[in-house]
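Just below is one structure, and these are the notes that go with it.
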Amino acid sequence: MRTASRRQRAVRWLLASALLQLAAPAFAEAPPARWVSAGGALSEWVVALGGEERLVAVDSTSRHLPSLQALPVIGYQRQLAAEGILALAPDLLLGTEEMGPLPVLAQLRAAGVQVEVLPATVELAVLQGNLQRLGELLGQPQKGRQAAQAFAQRLQDQQAWIARAAQQQSAPGVLLLLGHAGASPLAAGQGTLGDWLISQSGGRNLVDHQSYKALSVESLVALDPEVLLIADRSLQGESAREALLQQNPALAGTRAVREGRVLLVDPTLLTGGLGPRLPDQLAVLAAAFYPASPPIVAEASNQP
């Protein structure tokens, strides 16, 4: 009888443990409901991972997707104001280490807002960690892992295409200029997302300085890029090209301008780390860098 009683208690204990494990998700803390996101790449990843309904506001670099354009704007990610954000009653402020200023972040934390600061380092391993964290915040970590794997696979496929294309053509010398209405452009140097775009697309960055740096027009002309990339924060399309040449007419003598190899890059791609649109931009640039090879994807034959 005692043996039977012990067995019955053991069975009841096992059943209770199993029921608690099954019920655990129901008792787990719910993910933050109201999100404010500062940083274009992170905001677009939130949408890509299915968390768009949680967003109640974004910063000025997060305006590419039409759905995000309908949300309130909290200003530029480096110049946030606590009052405007607190008025939205957010549970979570999401951003990268580019977000600030620091006293504002401290004020938001003191007010009870969960502030998530993720690294913006331009490395695949960093992106994988960020996506894992975003998945956890959304309560769906598997989605973050799947997105990271898909992104890495696209980069791997593109690098294989570039390796084949480079057997028939040498890597072109490239400059990426970031500016406002063509004035005082900054050349993307080593360690920047602009430099990553150039190298991942199979080009050679012609400058070796760090970060973004202003160069004289004479220095830009002397570099004589084969391909010129323009990221203008004020103008788009042909207006950006015309403004750059109007403000810097000597650039008309470079090979890139003479041969019509001047391409546009959306400046919001250059903030907040690696974003979900970058593989498409890489395909466009790689096709322009290696025009003799068939584009890696159909979209790559179109101007960005």
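Here are the numbers:
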| item | result |
| --- | --- |
| Pick from region 57-116, criterion more than 27 Å from residue 129 (Cα to Cα) and among the small types (Gly, Ala, Ser), ranking: nearest to the chain's Cα centre (by Cα) | 70 |
| In region 89-99, the residues that are more than 28 Å from residue 210 (Cα to Cα) and either loosely packed, with under 14 Cβ neighbours inside 10 Å or without any contact (Cβ under 8 Å) to a residue 40 or more places away in the chain (or both) | 89 |
| From the options 108, 86, 124, 102, residue that is surrounded by 17 or more Cβ atoms within 10 Å (Cβ to Cβ) and modelled with pLDDT of 95 or more | 108 |
| Qualifying positions in region 2-59 - at pLDDT below 95 and among the hydroxyl-bearing types (Ser, Thr, Tyr) | 3, 5, 17 |
| Residue match in region 236-257 (condition: outside any helix (DSSP H, G or I), within 19 Å of the chain's Cα centre (by Cα) and either at negative phi or crowded, with 16+ Cβ neighbours inside 10 Å (or both)) | no |
| Scan of region 164-194 for residues that are assigned to a loop (DSSP other than H, G, I, E, B) and surrounded by fewer than 20 Cβ atoms within 10 Å (Cβ to Cβ), ordered by number | 166, 167, 168, 169, 170, 171, 181, 189, 191 |
| Where residue 268 falls short, out of the listed (1) over 28 Å from residue 164 (Cα atoms); (2) in contact with a helix residue (DSSP H, G or I) (Cβ under 8 Å, 6 or more places away or on another chain); (3) surrounded by fewer than 19 Cβ atoms within 10 Å (Cβ to Cβ) | (3) |
| Whichever residue in region 188-235 is among the acidic types (Asp, Glu) and within 20 Å of the chain's Cα centre (by Cα) and, among such residues, is modelled with the highest pLDDT | 195 |
| Number of positions in region 109-129 that are under 28 Å from residue 277 (Cβ atoms) and assigned to a helix (DSSP H, G or I) | 6 |
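The values are calculated or read from the model by the stated rules, or taken from the named source; none is laboratory data. The shown structure was predicted, so the numbers you read here are calculated from the model rather than taken from an experiment. So basically every Cβ, Gly included, is an ideal-geometry build from the backbone, and we count neighbours across all protein chains shown.
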